[in-house]
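To start, the structure itself, in structure tokens.
The values are calculated or read from the model by the stated rules, or taken from the named source; none is laboratory data. Quick caveat: nothing in here was measured; it's all calculated off a predicted structure. Cβ atoms come from the backbone with ideal geometry, glycine included; neighbour counts cover every protein chain shown. Just the protein is used for accessible areas: all its heavy atoms, side chains included, with ligands, DNA and RNA removed. Shrake-Rupley method; radii C 1.70, N 1.55, O 1.52, S 1.80 Å.
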Amino acid sequence: MVDLLDTQIIDPGVDESIAKLTPERIEKTINRVLTEETGARLQAYLETCIHCGLCADSCQSYISRDKDPDYAPVAKVKDTLWEMVKRKGKVDGEFLHNAARIAFIDCGACRRCAMYCPFGIDISYQIMTVRRILNLLGVVPQYLQDTTNSHAVTMNQMWVQQDDWIDTLMWQEEDAQVELAGTRIPLDKEGAEIMYSIIGPEPKILAQLIANMAIIFKVAGADWTMPSTDGWDNSNMAMYSGDFETMGRVERLHWERAMQLKVKRVVMGECGHAYRGAVYDGPRWLGWTKPPIPMVHAVEYYYELLKSGRIKIARKIEEPITVQDPCNIVRGRGLHDKLRYVVNAICEDFRDMEPRHEHNYCCQAGGGLINCGPPWKLSRMKSNRIKADQIRETGAHTVITPCHNCHSGIEDIIGHYKLGCHVSFISELLVKTIEMPDAGGEA
Amino acid sequence: MYEFIRGPLVWIAFIGFFGGLAYRFITMARLAKKERVVLPTFDAKYGLRSLLHWVVPFAGVNMRKRPFYTLLSYAFHICVLVTPLLLMGHAVLWQESWGIRWWSLPEGVADMMTLVVIFACVFFIIRRLVRPEVRNVSFLSDFLLALLVMAPFVSGFIAHQQWLPYKPMIIIHGLSGALWLLLIPWTRLVHMMWFPFTRAYMGSEFGAVRHSKDW
């Protein structure tokens, strides 16, 4: 039985939008997506699922909520998409409210269940189809819709203006120079080897991460650049709100900027969903099988630098540390071994989580969930109990989270479940532990 | 009636079964072509790698987590496919009608395999009723499908043992068997055809695109 407190949550983006809908529009929109935007994949999934329930145990929200059958992955499809198909789009406002809660809050599209379904049915894809329908109906949690609006207007997630962008980079360059003389943040350097791209929240609220990366690039002697204008943001909340048109625009601009700068590859910061958007969902919407230039996630890049000796660790961190495998770079890119290589290089006392690698539990914050904002936070926390237990069992003081959503999500978990530890990006630990060149150096 | 079942119905069932599957396959392939990235995503190496891990018992994590269910499920699927094909009674019919001879199972083995199918179907039905996460997603059609799969095996077994009058039982056996074949392309039983594709697609996405495993 669905948690009654969760069903009572009011979100203007959901409820006020539903109040404006007519039955005709609902029916037409649902049927349009089911006939024109989906095809063989969805049909095969709908027909192949034999309702066996073997996916249930894969889902952290199902496990965390004492195996409540309504939170099993298959139940989430049953209560949304199956009904829409069965009723041929003739569903009411109450149904849509429920569908929005399930699609935007209870499922993070982490794809863990796809590894537990004997047929490999992609439940995440089906939930994303529900989100797409809801988006076309204007039924999207308000906070999430705001980030999508920001993408549509400013081409970044956090309403960062052009002057703020440049100003932040210059400010971070100065900060980095205090730590390591001669550090630069080169803008629009055509033909550089690397374009470094980040997500909107970095200049907005976590600007020091940019300085960290500038220091790492400086130590490694990298030939890198950042774009001075739009296209610098690789995050993509439109992908999660179901606004695929905006998702496509964001991804296209990001890749166009990289092409204009004639870089050989794009290195991106520690974010999971941005990787998914840039490498997978975005290109698919644009009809590309892969991005035009290789994209390298920060974890992969750190691995490369450490392995080749371009950066060296001077002193390891001694306190116990664990690591969160972000879904979108582990299930989504198989970076778990490289991640452990990096973590082991930095830490003396690394304590792994169980289950791990592709079988890690999602933080229930990615997939656009945390972006749905305060109204839904408590509901999210209820789905996070298993993650909290997992972290507690490691006894670690720090949880490394090479993903922004994992970072914020696990911070919430630590606060809610009083775990008494803290979260950290890899770059924060790297700048504390790497061997810096002797003072001085040229700009 | 018996003559009808012995003659034209067999034709109807086989033509309906193969025709239905062919029709579904062709229309699905056309539909798949319209989705720009579905067909180009299929990757032989990673698709087969995933398929292999989900065809070999206990190769996947979820299968290892529930050993009884895995064993029963494999036993059921092998028996449900092999028994009708290699049953001596069926082989005799093939030979009488078309002169085709092939190897058939010893009677005792076929009986055991039939009982495995029946037991598994009863288990699946009870599981649907007992396990909350399965009951929650079970519809009348799920129970009917399990009964439909079971029906030719139960009636065939009873007829063979001659526990009840032979002729009526064999008529029920023929009718339910034909219905079963005819419905496969149009119900969730079609998973027998889509399974290799859904699995290979997921394997291709996980392997080729996402560099990870899906088992």
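Each row is one residue, and each column tells you yes or no for (1) modelled with pLDDT of 95 or more; (2) out of contact with any Ser or Thr (no Cβ under 8 Å at 6 or more places or on another chain).
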site	(1), (2)
B:2	no, yes
B:6	no, yes
B:14	no, yes
B:23	yes, yes
B:26	yes, yes
B:30	no, yes
B:33	no, yes
B:42	no, no
B:59	no, yes
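Considering only the stretch A:422-443, I want to know if a residue exists there that is open to solvent by less than 10 Å² (accessible area, probe 1.4 Å), touching a residue at least 60 places away in the same chain (Cβ under 8 Å), charged (D, E, K, R) and not in a strand (DSSP E or B). No, the conditions are met nowhere in the stretch A:422-443. Test residue B:104 against the stated conditions and say whether it is within 14 Å of chain A (Cβ to nearest Cβ) and not in a helix (DSSP H, G or I). For residue B:104, the condition - within 14 Å of chain A (Cβ to nearest Cβ) and not in a helix (DSSP H, G or I) - is not met.
Just for helices (runs of 4 or more DSSP H) wholly inside the stretch A:18-114: which have at least 2 residues that are over 30 Å from residue B:126 (Cβ atoms) and within 9 Å of another protein chain (Cβ to nearest Cβ)?
On the way: elements: A:23-32, A:40-48, A:60-64, A:73-77, A:83-86, A:93-101.
Those helices (runs of 4 or more DSSP H) span A:40-48.
Taking every residue in the stretch A:83-112 that is closer than 12 Å to residue A:124 by Cα and among the polar types (S, T, N, Q) and pairing it with any residue that is open to solvent by less than 40 Å² (accessible area, probe 1.4 Å) and in a helix (DSSP H, G or I), at least 6 positions away or on another chain, yields no pair with a Cβ-Cβ distance below 9 Å.
I need the full set of residues from the stretch A:129-153 which are assigned to a loop (DSSP other than H, G, I, E, B) and touching a Cys at 6+ places or on another chain (Cβ under 7 Å), in order please. Reasoning before the result, please.
Step one: list which residues in the stretch A:129-153 are assigned to a loop (DSSP other than H, G, I, E, B), which gives A:137-141.
Hit for the stretch A:129-153 is A:141, nothing else.
Is there a residue being among the hydroxyl-bearing types (Ser, Thr, Tyr) and more than 14 Å from chain B (Cβ to nearest Cβ) anywhere in the stretch A:271-288? Please lay out each step first, then the result.
Within the stretch A:271-288, the first condition is being among the hydroxyl-bearing types (Ser, Thr, Tyr), and the residues that meet it are A:275, A:280.
Remaining after also requiring more than 14 Å from chain B (Cβ to nearest Cβ): none.
No: the stretch A:271-288 contains no residue that is among the hydroxyl-bearing types (Ser, Thr, Tyr) and more than 14 Å from chain B (Cβ to nearest Cβ).
Residues in the stretch A:154-198 that are among the aliphatic types (A, V, I, L, M), assigned to a strand (DSSP E or B) and within 19 Å of residue A:235 (Cβ to Cβ): A:194, A:195, A:198.
Note down all Cβ pairs under 9 Å where the first residue falls in the stretch A:295-306 and is free of Cβ contacts under 8 Å to residues at least 12 places away in the same chain, the second is of a type in the set (Lys, Arg) and open to solvent by 10 Å² or more (accessible area, probe 1.4 Å), and they're at least six residues apart or on different chains. Close Cβ pairs satisfying both conditions: A:304/A:310; A:304/A:338. Between A:347, A:327, the distinction of being within 23 Å of residue A:247 (Cβ to Cβ) and open to solvent by less than 30 Å² (accessible area, probe 1.4 Å) belongs to A:327 only. Summed over the stretch A:243-286, residues that are modelled with pLDDT under 95 and either acidic (Asp, Glu) or over 21 Å from residue A:109 (Cα atoms) (or both) total 1. Residues that are part of a helix (DSSP H, G or I) and touching a Pro at 6+ places or on another chain (Cβ under 6 Å): does the stretch B:39-50 have at least one? Within the stretch B:39-50, not a single residue is part of a helix (DSSP H, G or I) and touching a Pro at 6+ places or on another chain (Cβ under 6 Å).
If the condition is being part of a loop (DSSP other than H, G, I, E, B), open to solvent by less than 10 Å² (accessible area, probe 1.4 Å) and hydrophobic (A, V, I, L, M, F, W, C), then the stretch A:205-227 contributes only A:207.
Residues B:53, B:90: which one is touching a residue at least 24 places away in the same chain (Cβ under 8 Å), under 20 Å from the mean Cα position of the chain (by Cα) and either within 14 Å of chain A (Cβ to nearest Cβ) or buried (at least 16 other Cβ atoms within 10 Å of the Cβ) (or both)? Every option except B:53 fails the conditions. Return yes or no: is residue A:152 modelled with pLDDT of 95 or more and within 20 Å of the chain's Cα centre (by Cα)? Spelling it out, residue A:152 is indeed modelled with pLDDT of 95 or more and within 20 Å of the chain's Cα centre (by Cα).
Against the test of being in contact with a helix residue (DSSP H, G or I) (Cβ under 7 Å, 6 or more places away or on another chain), open to solvent by less than 30 Å² (accessible area, probe 1.4 Å) and touching a residue at least 24 places away in the same chain (Cβ under 8 Å), the options A:274, A:258, A:278 yield a single qualifying residue, A:278. Taking each residue of the stretch B:104-120 that is free of Cβ contacts under 8 Å to residues at least 24 places away in the same chain and looking for partners that are not in a helix (DSSP H, G or I) with beta-carbon atoms closer than 8 Å, six or more apart or interchain, yields B:104/B:87; B:105/B:87. Is it fair to say residue B:211 is open to solvent by 30 Å² or more (accessible area, probe 1.4 Å) and touching a Pro at 6+ places or on another chain (Cβ under 6 Å)? The answer is no for residue B:211. Residues of the stretch B:171-190 that are open to solvent by 30 Å² or more (accessible area, probe 1.4 Å) and part of a helix (DSSP H, G or I): B:171, B:172, B:173, B:175, B:179, B:180, B:181, B:182, B:183, B:186, B:188.
Just wondering, is there one or more residues in the stretch B:132-153 that are aromatic (Phe, Trp, Tyr), at negative phi and within 13 Å of another protein chain (Cβ to nearest Cβ)? First the steps, then the outcome.
Our first condition is that a residue be aromatic (Phe, Trp, Tyr); within the stretch B:132-153, this holds for B:139, B:143, B:153.
Cutting the leftovers down to at negative phi gives us B:139, B:143, B:153.
Cutting the leftovers down to within 13 Å of another protein chain (Cβ to nearest Cβ) gives us B:139, B:143.
Looking through the stretch B:132-153, at least one residue is aromatic (Phe, Trp, Tyr), at negative phi and within 13 Å of another protein chain (Cβ to nearest Cβ).
Tell me yes or no: at least one residue of the stretch B:194-207 is closer than 30 Å to residue A:333 by Cα, of a type outside the set (Asp, Glu) and open to solvent by 50 Å² or more (accessible area, probe 1.4 Å). Full working, then the answer.
First, pick out the residues of the stretch B:194-207 that are closer than 30 Å to residue A:333 by Cα: B:194-207.
Pick out the ones that are also of a type outside the set (Asp, Glu) and you get B:194-204, B:206-207.
If we keep only those that are open to solvent by 50 Å² or more (accessible area, probe 1.4 Å) too, we end up with B:197.
Yes - at least one qualifying residue is present in the stretch B:194-207.
Within the stretch B:34-49, the set of residues being exposed (fewer than 15 other Cβ atoms within 10 Å of the Cβ) and either more than 8 Å from chain A (Cβ to nearest Cβ) or small (Gly, Ala, Ser) (or both) comprises B:39, B:44, B:45. Any residue at all in the stretch A:102-123 that is open to solvent by 10 Å² or more (accessible area, probe 1.4 Å), more than 29 Å from residue B:196 (Cα to Cα) and acidic (Asp, Glu)? Within the stretch A:102-123 (the criterion being open to solvent by 10 Å² or more (accessible area, probe 1.4 Å), more than 29 Å from residue B:196 (Cα to Cα) and acidic (Asp, Glu)), the answer is no, since none of the residues qualifies.
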